[in-house]
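**Student:** One structure follows; several queries about it will come next.
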Amino acid sequence: MTRHSLSAVSFRDPGGFVYEDQGCILRQVNFLAREHYDQLMKSGLYRELTERRLLIAHDEVDALPRVSATAYRVIRPEPVSLISYPFEWSFSQYKDAALLTLAVERHALRRGMSLKDCSAYNVQFHEGQPILIDTLSLEQYHEGWPWVAYRQFCQHFLAPLALMSLTDIQLGQLCRTNLDGIPLDLATRLLPWRSRVQFGLSLHLHLHGLVQHSDAQTRESGSPGRFSQSAMLGLIASLESTVKGLSWKPGRSTWVAYSKESTYLPDQTDQKSRFIAEFLELVRPASVWDLGANTGNFSRLASDRGISTVAFDFDPACVEVNYREVKKRQETKLLPLLVDLLNPSPACGWVNRERTSIFQRGRPEMVLALALIHHLAITGSLPLENIAEFFSDLAPWLVIEFVAPDDSQVQRLIAQRRGVHHPYDQTQFETCFNRYFSIQEIRPILPGGRILYLMRRRDDEPSSDG
Amino acid sequence: MVSWIVSLAVGHGPDVSPWFWAYLDPGSGSMLFQVLIAGLLSALFCARSALFELKSALFGDHERG
């Protein structure tokens, strides 16, 4: 008996699915989606969308389909360096992903097609911009039909954006527990009263939410009523203007100010940058993850060298400032993401495999952990041994800054907590990290204070008996 | 009550293969809601298009995106 293990992330769409073959991500197009796929390719829509970088480009390949009986085509989409999830995006990333989705729908309608779903997970950040990665989301437009993806758009995009903009930026994290978007009745309860006097939010969230749980039944395979193309275009235009009207200012975040009010003098920051640049030149990693990246100043030492870099931070304001800089500088190698290392994105959904944890989605060749360790060890009460093990599991190369116990920032953290739970000093640090890494370089930055280390995982060292 | 409104709102749409219904539940309430606001959306779209045409004629604006 032949068993076909379909990808746990791609089992809903009868039109096809994603699977992995020899490290390559492929998408099978089923016969059921043949007409839709052919129209996408022949109508000029595919070319239009890919040229505008709205849809991921793909090649049709001769690879063996995963399920031959249903296969019409196998396509190989352009690879995305790291899959990210909506609850890992800053406000502006989320907003740009929403506008991208609506732009795709607008272009599709002009070519007689429409999006059949609007999952925020279908959008990824690729070369600095959001892009639709689900080629099979596009189907033939049926004149007279309402938009089948309207509810999903409101739940996946409009509700989270409205909550982040008008209630609290941290409510974007509701997407972590609501994989099919934030239910409209929940969103409307959490939104402030003033959202009811904003036309778009009133219409698409509040009024729409009122009819969500109606017992209305549509006839089987029949239309619920006429919905003209001008109404459809009006719907998209209304959603676009509603999304554009939402904003969020990072304000005076403690962490955004942190990089400006740090312990370093300008020449010491320059010295630290020079050391990091030196380590990057020495190792020449293909990918870097900057953990606790703040607004990405040091991440850019890697990304400006053409290295695919992800800048993680747990502060929404830092990630927002970083993403705005990415847009301003039109950077293609830097991806800012919102991740709390003390509570990283977990695996969730069906059998915990539908959406994978951040560490299952990728591994870098080098980790930057700059001015981070005291936050993990003191704020997070993590033993240095555990931190060393975590980093060694993550990447073969580590650039880590040790912050001494008498550093003013460490003293501030210790004062808040009335002491340190686990041993924290340079000897303990080197002892713990030496178990997992060999220390390649040591560079003191501040006299008697901060030290930069370049470390290599012991398993990855070249064998001495060669 | 809502079912009764739907039965009034239901028209004769084109014949569509029902396979995509198996993929995503569009929410019967959401589908009905769109039908109910269709007139408003059409009017807004027409007004917006007319305004755009007027601006283009006056200032020579070009569509973006």
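Each value in this text was obtained by applying a stated rule to the coordinates, not by laboratory testing. Computed from a predicted structure; not experimentally measured. Using ideal geometry, Cβ is built from the backbone for each residue, glycine included, and neighbour counts are taken over all protein chains shown.
**Student:** Report the antiparallel proportion of the DSSP beta bridges in the protein assembly as shown as a percent, rounded to a multiple of 5.
**Tutor:** Restricted to the protein assembly as shown, the bridges split so that about 65 percent are antiparallel.
**Student:** Taking the inverse of the average 1/r across all pairs of different Cα atoms in the stretch A:1-129, what Kirkwood radius in Å do you get?
**Tutor:** 15.8
**Student:** Could you state the principal axis extents of the C-alpha atoms in the stretch A:327-399, from the largest down, to the nearest angstrom?
**Tutor:** Largest to smallest, the principal-axis extents are 40, 33, 24 Å.
**Student:** If you don't mind, another one. Treating the stretch A:369-466 as a set of equal point scatterers at the Cα positions, no solvent, please give the Debye-formula log₁₀ I(q)/I(0) at q = 0.12, 0.16, 0.20, 0.24 Å⁻¹.
**Tutor:** Computed log10 I(q)/I(0) values: -0.38, -0.64, -0.96, -1.31.
**Student:** Here is a further query. May I ask for log10 I(q)/I(0) of the stretch A:146-188 at q = 0.15, 0.16, 0.25 Å⁻¹, from a Debye sum over the Cα atoms as equal point scatterers with solvent left out?
**Tutor:** So the normalised log intensities are -0.31, -0.35, -0.79.
**Student:** Within 10 Å of each Cβ of A:236-245, how many other protein chain Cβ atoms are there on average?
**Tutor:** Mean partner shielding for this stretch: 2.
**Student:** Let me ask something additional. On a straight-distance basis, which lysines could pair with A:Lys116 in a cross-link, Cα separation under 22 angstrom, same-chain partners fewer than 8 positions away excluded?
**Tutor:** Within reach: A:Lys42, A:Lys95.
**Student:** Out of the DSSP beta bridges found with both residues in the stretch A:256-388, what percent are antiparallel (nearest 5)?
**Tutor:** Of those bridges, close to 5 percent are antiparallel.
**Student:** Now a separate question. Starting from the Cα gyration tensor of the stretch A:54-159, take the square roots of the eigenvalues, sort them a ≥ b ≥ c, and report rounded, prolate or oblate (rounded when a/c is under 1.5, otherwise prolate if a/b is larger than b/c, else oblate).
**Tutor:** Oblate is the answer for the stretch A:54-159, as a/c is 1.5 or above yet b/c matches or exceeds a/b.
**Student:** Excluding A:Gln170 itself, calculate the net charge of residues whose Cβ lies under 13 Å from the Cβ of A:Gln170, where each Lys or Arg counts +1 and each Asp or Glu counts -1.
**Tutor:** Net charge around A:Gln170: -3.
**Student:** Counting other C-beta atoms within 10 Å, which of A:Ser230, A:Ser392, A:Ser137 has the fewest, and how do the rest follow?
**Tutor:** A:Ser230, A:Ser392, A:Ser137
**Student:** For the stretch A:30-103, report the translational diffusion coefficient in µm²/s to the nearest whole number, using Stokes-Einstein at 4 °C, 1.567 mPa s, and a Kirkwood Rh over Cα pairs.
**Tutor:** After rounding, the answer is 89 µm²/s.
**Student:** Now, a different point. Fewest first, what order do A:Leu335, A:Leu132, A:Leu179 take by the number of other Cβ atoms within 10 Å?
**Tutor:** So the ranking, lowest neighbour count to highest, is A:Leu179, A:Leu132, A:Leu335.
**Student:** Using +1 on the beta carbon of Lys and Arg, -1 on that of Asp and Glu, and nothing else charged, what's the dipole of the protein assembly as shown about the Cα centre, debye to 20?
**Tutor:** With only Lys, Arg, Asp and Glu charged at Cβ, the dipole is about 1180 debye.
**Student:** Right, another one. If Lys and Arg each add +1 and Asp and Glu each add -1, what is the summed charge of the other residues whose beta carbon sits under 14 Å from the beta carbon of A:Gly44?
**Tutor:** It works out to a net charge of +2.
**Student:** Let me ask another. Once the dipole of the protein assembly as shown is set up with Lys and Arg at +1 and Asp and Glu at -1 on Cβ about the Cα centre, which of A:Gly362, A:Ser238, A:Asn386 lies farthest towards its positive end?
**Tutor:** A:Ser238
**Student:** What's the percent breakdown of Cα-Cα distances in chain A across 20 Å bins, shortest bin first?
**Tutor:** Cα pair-distance distribution for chain A, in percent: 22, 50, 24, 3.
**Student:** Straight-line reach from A:Lys333: which aspartates and glutamates have Cα under 14 Å away, leaving out those fewer than 8 places along the same chain?
**Tutor:** A:Glu127, A:Asp290, A:Asp304, A:Glu325
**Student:** Still on this structure, please answer the following. Within 10 Å of each Cβ of A:146-154, how many other protein chain Cβ atoms are there on average?
**Tutor:** 6
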